[in-house]
Amino acid sequence: MESYAYPRHYSPKDRQWPTRRLTKSPAWCAVDLRDGNQALPKPMDPYQKESYFKLLTDVGFKEIEIGFPAASMDEWTFCRDLIERSLIPTDVTVSVLTQAREHIIKRTMNALKGIHKAVCHVYIPISELHYRYVLGETRKELVQRTLESVRLVRKMADDELNGSKIGLEFSPEEFTDADLDFAVELCDDVVEAWGPRPGEKVIINLPCTVERALPTFYPDRIEAFIEKSSQRSKSIISLHAHNDMGGAVASTELALLAGGERVEGTLFGNGERSGNLDLVTFAMNLQYLGIDTGLDFSELEELATKVSELTSMPIPPRQPYAGELVFTAFSGSHQDAIHKGLDRVEEIRKHFNGWKIPYLHINPATIGRSYAGAIRINSQSGRGGIAHVLAESYGIQLPKELLTELANHVQRRTEEAARELRPDEIWDLFLHEFARQDTPLRLINYWPRPDVTNPSKIYSEVHLEMHGKGFVLHDVGDGPVSAFANAMRQLNLPVFKLLNYEERSIGSTVDAESITIVSLEKLPEGKTFYGVGFGANIVQGAVSAIVSSLNRMMRG
Ligand code: KIV
Ligand code: ZN
């Protein structure tokens, strides 16, 4: 097993963050168009970036990092387009990234000419791993380059962009893998070199560039940084976490408790390697806690589709909130519990004083998703799930015993097909098994009418075929259904008893408005056989259900 060089852990003197609770939203900065874009196999072109920018403003982001204008022609063009075509809403501040190098800063600042307001984001790697082994620089050289860069941004802002309001963001890259005292000293010097004017603050973005520790590490560092910094009142502490160990959301949540005020990330976590912090999960978690985030994810599916199209990055089906399967249950016991919970949702809400459903952590409706697809049917599914799907898609409730039988057929079919079944396939299977059984008996017509000798009785005239041979049967009964059953007994059929028939309404998604469900008992075994019929009225529905049920009985 490999032995890893972990970053050094700093504990704040008197750790405060574990005792705090999240009560308010941080400021948000979406870095999709820079950090997200730079990690795409095929980066977005300026047109795609423009559509993405619009998505971000529609969600409600007020700070958006739009790119690295000095890095490529596309990046430059996009920045210029936004400015020259006045595409930046007045309440949105864009930022641009630059390395701490003179020629790059110059090109970056030139890209901002004519902008109303913007943030110039300067970064420099500060971990020993980087400055010694990648850059081949000393700490002293690094500090000098950083401070010269900050002063250059200030000078260009004052001299060449004096009609624009330019702010500074500084990122000591690999902050979580760097010497903390060095990071504090450098950031304090940066704030001093910038010299914030009244009402102005420097954004000090403290990145977890590569996640190399467990989630409690980041908040400890942030709290220790804040404790040591002498420029706290002139800076905004910003968090920027990558997700190499899968802990970006957790570590950033904790780092907010430790004093973070602003959060950078991307929609659905696109970004270098395992991604940036997923802002959707993060903001939805805060919303779950009752915190108003100012971000609107009420049409999340549509957003996910558009992001996926623009970035050519699929959203994994288990992605929190947005994944196709995150509100879906396949297993029978989960389906049953969800089904029961949804049936009593208002009662449960009252009891627990809030929305709560087994196996669902939020109400899918809050992000524009419905329960309709929440339960899907595969070979693991049971009666509860099938009941839910038929109720949701066809507005029908079936008796328990019939559902149990149907569940066996569904299981067999899903196993044969080695895939899940869609609601329409389950409905077809239901009809095939219980309603469309027409051999050996095939009903041609049924005329019930009052008996001429005793009008309180019903006289039946049944036209049917059995094994292809035609029959016309007559009999009487107390009602039209029992008169039919009596007529049928003249044939050479198993002995049966009519246990029950009932009409149930069905939703508007199928052509008939009601179905009749009949149960017959085969004697002497006592086994029940269900049949289902459709008809203009309950009598026609019931007799075709009896025929289906008898056919099922005869075929065992
Ligand atoms: O992850 C990182 O450190 C960055 C910086 C440039 C902020 O993206
Ligand atoms: Zn990053």
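What the table shows:
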item	result
Positions within the range 407-433 being in contact with a Ser or Thr (Cβ under 6 Å, 6 or more places away or on another chain) and either open to solvent by 60 Å² or more (accessible area, probe 1.4 Å) or of a type outside the set (S, T, N, Q) (or both), in sequence order	Gln411, Glu415, Leu421, Pro423
Hits in the range 85-111 (condition: outside any loop (DSSP other than H, G, I, E, B) and more than 35 Å from the chain's Cα centre (by Cα))	Gln99, Glu102, His103, Ile104, Ile105, Lys106, Arg107, Thr108, Met109, Asn110, Ala111
Flag if Ser229 is of a type in the set (Ser, Thr, Tyr), under 16 Å from Tyr10 (Cβ atoms) and either buried (at least 19 other Cβ atoms within 10 Å of the Cβ) or in the same structural domain as Leu112 (by TED's automatic domain parsing) (or both)	yes
Matching option when the condition is open to solvent by less than 50 Å² (accessible area, probe 1.4 Å), among the β-branched types (Val, Ile, Thr) and assigned to a strand (DSSP E or B), among Val476, Val462, Val472	Val462
Boolean, Ile236 is open to solvent by 10 Å² or more (accessible area, probe 1.4 Å), over 18 Å from Asn276 (Cβ atoms) and within 16 Å of ligand 1 (Cβ to nearest atom)	yes
Selected residue [touching a helix residue (DSSP H, G or I) at 6+ places or on another chain (Cβ under 8 Å), over 27 Å from Leu286 (Cα atoms), open to solvent by less than 20 Å² (accessible area, probe 1.4 Å) and assigned by TED's automatic domain parsing to the domain that holds Asp296] from Leu82, Leu33	Leu82
Test result for Ser238, out of contact with any Gly (no Cβ under 6 Å at 6 or more places or on another chain), among the hydroxyl-bearing types (Ser, Thr, Tyr) and within 30 Å of Thr366 (Cβ to Cβ)	yes
Strands (runs of 3 or more DSSP E) contained entirely in the range 193-298, each with at least 3 residues that are modelled with pLDDT of 95 or more and either in contact with a Pro (Cβ under 7 Å, 6 or more places away or on another chain) or of a type in the set (D, E, K, R) (or both)	262-265
Sole residue being open to solvent by 20 Å² or more (accessible area, probe 1.4 Å), at pLDDT 95 or above and among the polar types (S, T, N, Q), chosen from Thr146, Thr138	Thr138
Pairs where the first residue, in the range 419-440, is in contact (Cβ under 8 Å) with a residue 24 or more places away in the chain and more than 19 Å from Ser514 (Cβ to Cβ) and the second is of a type in the set (S, T, N, Q) and in a helix (DSSP H, G or I), C-beta under 7 Å, 6+ apart	Glu420/Thr414; Leu421/Thr414; Pro423/Ser393; Gln437/Ser548; Gln437/Asn551; Asp438/Asn551; Thr439/Asn551; Pro440/Asn551
Top-ranked residue in the range 293-313 [being touching a residue at least 60 places away in the same chain (Cβ under 8 Å) and open to solvent by 60 Å² or more (accessible area, probe 1.4 Å); ranked as nearest to ligand 2 (Cβ to nearest atom)]	Met313
Scope the range 343-360; condition open to solvent by less than 100 Å² (accessible area, probe 1.4 Å), of a type outside the set (Phe, Trp, Tyr) and within 19 Å of the chain's Cα centre (by Cα); matching residues	Ile357, Pro358, Leu360
Residues of the range 261-292 satisfying the condition of being among the polar types (S, T, N, Q) and away from ligand 2 (no atom under 12 Å from the Cβ)	Thr281, Asn285, Gln287
Condition met for Glu173 (of a type in the set (Asp, Glu), modelled with pLDDT of 95 or more and within 16 Å of ligand 2 (Cβ to nearest atom))	yes
The lone exception for Ser51 - which of (1) closer than 23 Å to Gly259 by Cα; (2) at pLDDT 95 or above it fails	(1)
Criterion violated by Gln99 - all others in (1) more than 16 Å from ligand 2 (Cβ to nearest atom); (2) open to solvent by less than 80 Å² (accessible area, probe 1.4 Å) satisfied	(1)
Top-ranked residue in the range 196-226 [being surrounded by 21 or more Cβ atoms within 10 Å (Cβ to Cβ) and of a type in the set (S, T, N, Q); ranked as nearest to ligand 2 (Cβ to nearest atom)]	Thr209
Where Gly114 falls short, out of the listed (1) assigned to a helix (DSSP H, G or I); (2) open to solvent by less than 80 Å² (accessible area, probe 1.4 Å)	(1)
Residue in the range 392-406 that is surrounded by 15 or more Cβ atoms within 10 Å (Cβ to Cβ) and in contact with a His (Cβ under 9 Å, 6 or more places away or on another chain) present	no
Filter result for Gln319 (open to solvent by less than 70 Å² (accessible area, probe 1.4 Å) and closer than 30 Å to Glu50 by Cα)	yes
Which numbered condition Pro46 fails, given (1) under 17 Å from Ala118 (Cα atoms); (2) surrounded by fewer than 20 Cβ atoms within 10 Å (Cβ to Cβ)	(1)
Residue that is within 12 Å of ligand 2 (Cβ to nearest atom), touching a residue at least 24 places away in the same chain (Cβ under 8 Å), buried (at least 21 other Cβ atoms within 10 Å of the Cβ) and farther than 19 Å from Leu56 by Cα, where the choices are Ala258, Ala241	Ala241
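The values are calculated or read from the model by the stated rules, or taken from the named source; none is laboratory data. Computed from a predicted structure; not experimentally measured. No Cβ is skipped: glycine too gets one built from the backbone with ideal geometry, and neighbour counts run over all protein chains shown. Each accessible area value is taken on the protein alone, full model and side chains, heavy atoms only, with ligands, DNA and RNA left out. Shrake-Rupley method; radii C 1.70, N 1.55, O 1.52, S 1.80 Å.
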